[in-house]
1. Bin all alpha-carbon pair distances of the stretch B:10-111 at 10 Å intervals from 0 and give each bin's fraction as a whole percent.
2. Test of understanding: extend the Cα→C-beta vector of A:ARG789 to 7 Å, then name every residue of the stretch A:860-877 with backbone N under 16 Å from that spot.
3. Give me the one-decimal Kirkwood hydrodynamic radius in Å for the stretch A:599-674, with the sum taken over alpha-carbon pairs.
4. Once Rh is set to the Kirkwood radius over Cα pairs, what Stokes-Einstein translational diffusion coefficient, in µm²/s, holds for the stretch A:248-366 at a temperature of 37 °C and a viscosity of 0.692 mPa s?
5. Which chymotrypsin sites (Phe, Trp or Tyr not before Pro) does the stretch A:197-298 hold that lie in a coil by DSSP with at most 16 other beta carbons within 10 Å?
6. Can you give the angle from 0 to 90° between the axis of helix B:10-24 and the longest principal axis of chain B, with both taken from C-alpha atoms, to the nearest 10?
7. Given the convex hull over the Cα atoms of the stretch A:143-341, what projected area results after averaging over all orientations, in nm²?
8. Considering Cα pairs under 8 angstrom that are at least six residues apart, work out the relative contact order of the stretch A:270-418 and quote it in whole percent.
Amino acid sequence: MGWMRRLRASWWPTDKTFDEEAQFHIEARTRDYVERGLSPEHARREAERRFGAFTLARERTADADSFRLISDLRRDLGFAVRMLRRNPGFAFMAVLCLTIGIGANAAVFSWIEGILLRPYPLVVDQQRIYAVTGTERGTAGNTDMSWPDWLDLQRSSGLVDAFIAEKITGTTLSVGDRAERVPGSIVSANYFDAIGVHPILGRAFRPEENVGRNSHPVTVISYQTWQNRYHGDPSVVGRTQMLNGLPHTIIGVAPEGFFGTFVGYAFQFWVPPSMQPQFNAGVYKLEDRSAQWIEGFVKLKPGVTMEQAQAELSAVMARLEAEYPETNRGRGIRLFPLWRTPFNNAGAMVPTLGIALGVVIAVLFIACANVGNLVLVRAFGRQQEMTIRLSIGAGRARLVRQMLTEGLLLSAIATVGGFAIAQVLRNGLAFLTPPRGGIVLRLPGALDWRVFVVSWGVCVGATVLFAFVPALLTSRVDLASALREHAGSVAGPRRAAWLRSVLVVVQVALSVVLLVGAGLLIKSFQAIRAADPGFRTTGVATTSVDAFTAGYDAGRARVFQDELIDRVRQIGGVESADFSTTTPFTYASVASATIAVDGYVPPKDQQPTAEYNTVGPDYFSTLGIAIVSGRAFTRGDDESAAPVAIVDQSMAAQFWKGTDPVGSRVRVKNDWRTVVGVARSIKSRNLMERPTPFFYVPLRQNPAPVVSLHIRTPLPPAALGQTLAREIHSLDANIAPGELITMREQVERTTASQRIAVTMLIMFGGLALGLAAVGLYGVMAATVAQSTRQLALRMALGADASHIRRFVLLRGLAMAAIGAAIGAAIAFQTTRLLGYLLYQVNPRDFPTFVAAVTVVSIAALAACVAPVRRAVRTDPIEVLRA
Amino acid sequence: MALRRRKPDALQGTLDLLVLKVLSRGSHHGYGIAADIEATSDDILRVEEGSLYPALHRMEHLGWISAEWQLTANNRRARVYRLTRAGDRQLAEQLEKWARLTKGVAKVLRFA
């Protein structure tokens, strides 16, 4: 009970115990004295005298009753609150600056936490899980893995706990009368056990569900789907759910908050590998060693490093290559830490988040410099108070602590505000990232204790930056000289002025860096948007037509597609239209195949592959892809005609070395095809890619039930969409048309990372510039205020207004110039970190540097206007007489 | 905490010892303790109130004594202190220390 009361007394020193005790004491003694014969008044006086200094006794008792540290802190805090209340302008500015700085940091930390560090809620042992892709000798990128290879790896590895195969897929679920595209995943049967996520209802997959051709139509559904579609019905297990046109038995419900293992998406259902054909338009791949489709993870045994596992698995792949040269020549395997997973959005987000982090740290520094400046101004305003407190014996440590308490109070308030900002910005990334294929991306920030701890660390660090240094400076007062000279002209201000100038220089420098970054990214963004994808983007609309889900096989789908394309071509305003199996610039992976070319001998241990698209005869004219040699496909290139192909320019250059390929042959998988034409190279994933070998085969010689439909028309998609839906429904009411968008839109969706980076740098670059201008203004205003006497003297000695103007302006601009020079130098060294986000822009682009410096100079000039005006208005007579 | 030195010096220790001793004979309020010390020492020892109450509160927090508001014979509220078991042990310890101290001082005085 003792320490509790003591603790309470430390914070609320309102304990009246002593007063009552002392009163009783004095009265008792008075009574004693009266009994001994003194008069009541005399006795009372004598008793009080005997008691001695009442207040001292009370204070010493209170000291015994409280913890000194806490009561001091309370006193400091009370003092700090009073000081801030007395300077609401200062408090507001400081808290605002810090809130912006800390809030931006907390938001970016939360993104990094949610997307890179803890991307998969509920998944256990994430530190032992690594992403796996295939590799191909002679090429830089990553490939998928085949299921037979995957099983062989699993059988041969001693270091890996679990091989977790996964392939993103999707389906259309109807909710009421609205069809919704949802992402899902094909996962190996061990998936849920390996990642430690246990269905809250029903069961996970069983080993036998790994095997067979559509033999186990079972699914585990997400909590969200269970809630939205089945209203949390506890008897949902055992019911059937249509997935891609086939009824699946629901065997389990995943726990709440589990979204799967693919950054950016919230998966709604999972199916076992035996259902793979159903989700790959009927193509059975489980026994095909050449079919690469798995993006997987390995969970290593405890204590095994990534390098050890990499070595072991590479050895297994080398053995498989020797055993199956036909399919595995040149095939390898590569492990990645989760945060660098190449096949989901994590890999794409790393540079963006890196830049975001750099930018917000710079903003925090600028904010701290600003607050530091404000604190310094105020600290020297309080110089006299400090001097007096020191001279009457206050410890210097005590003064520093007092100022630190004020600083901490400011940053604590700002941290709370910053967390509110971070909460708002949590989903900012998803907001800036457009939906892909109609599926909204899930890129949440996570505001957990780790983010909180880091933010607090930032807060304390900031406090030390902006409060501790000024506190040390101002408390180091030479008492003797300070008291001798008159107030306000102690040695401090000169040192402070110097420090404040340094702070402004730092701010200006950082602003220049951010502005240069913003400028480069804007330029690059413009270059990207102006880049030619190689096909028409205006006046071309694109959508998908999925007949497979409605139960069509490839043969029936062909009939349906023929009827549909005839109807579409007759819609008013449609100039041309045709199908392809993949649309450029979608996330859907581009098909690739092993090839051989007449007369081309590949390096001994390599097996050439090329990506391809399966297209209708009017595909090239609809998308405006020029045929530079030979011819396009015709309706005659069908299943009964000789197999043909069209190659693109980069394939022609790589495999035919300058001779015209038309007329020669290329082997695709096992068919030899005659090359009938050469098409202009186009970009197929994003605007920044370099051309890689690409070819086309006719849709009729390689039929597919799921196709994209491209329509060349001046009509806007909204107008065309309804007509198109009507045509499709009149052919088959079960086929739902996909989202109809322009090619332009399709292309722009791939520039999300650049757009995020540009948005962020413009936003924060502008903010930084504003803060720096405020800082410069503050310093200039203070400089003018402090040098009134000097200015007055100059005026009295005959300096005119223009001289004064030049004198003040030069000081301000000198600071800005030094800052700009340092900033430009820093930017010169660091802009290459923007890496792949810069497209066709030199990271040391001279005009951008000039522009950034110019903008900063204008801001600096603007910041000097008011102080200069005040300086010119100095009245020498009044000042010198005072 | 270390900002102010508050090591119990000899005098402080003496006051603690006296208070504990007085309380070992029965509970008392603050004035009672002071009056008892003065009376038993024939007014040789006078207790400074400026030291007494801080000492009482400190010993209370240390758990050597406990306090309770009680009504006195003439119906006044008084804070009455009582020795705890820990205080009892403390008293024994301090008595022994005191005995050793006086013995030492006596020896020095005899031979110096």
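Only the coordinates and a few stated rules stand behind these numbers; no lab work does. Because the structure is predicted, anything quoted here is derived from the model rather than measured. Heads up, the Cβs are rebuilt from the backbone with ideal geometry, glycines too, and the neighbour counts pull from every protein chain shown.
1. Binned Cα distances yield the sequence 15, 44, 30, 8, 2, 0.
2. Within reach of a label on A:ARG789, which here means backbone N under 16 Å from a point 7 Å along Cα→Cβ, the stretch A:860-877 contributes A:875-877.
3. With all distinct Cα pairs of the stretch A:599-674 included, I get 13.9 Å.
4. My calculation gives 180 µm²/s for D.
5. Values: sites: A:PHE205, A:TYR223, A:TRP226, A:TYR230, A:PHE258, A:PHE259, A:PHE262, A:TYR265, A:PHE267, A:PHE269, A:TRP270, A:PHE279, A:TYR284, A:TRP293, A:PHE297; in loops: A:PHE205, A:PHE258, A:PHE259, A:PHE262, A:TYR265, A:PHE267, A:TYR284, A:TRP293.
Passing sites in the stretch A:197-298 are A:TYR284.
6. For helix B:10-24, the angle is close to 50 degrees.
7. The orientation-averaged projected area of the Cα hull of the stretch A:143-341 comes to 11.4 nm².
8. Relative CO of the stretch A:270-418 lands at 10 percent.
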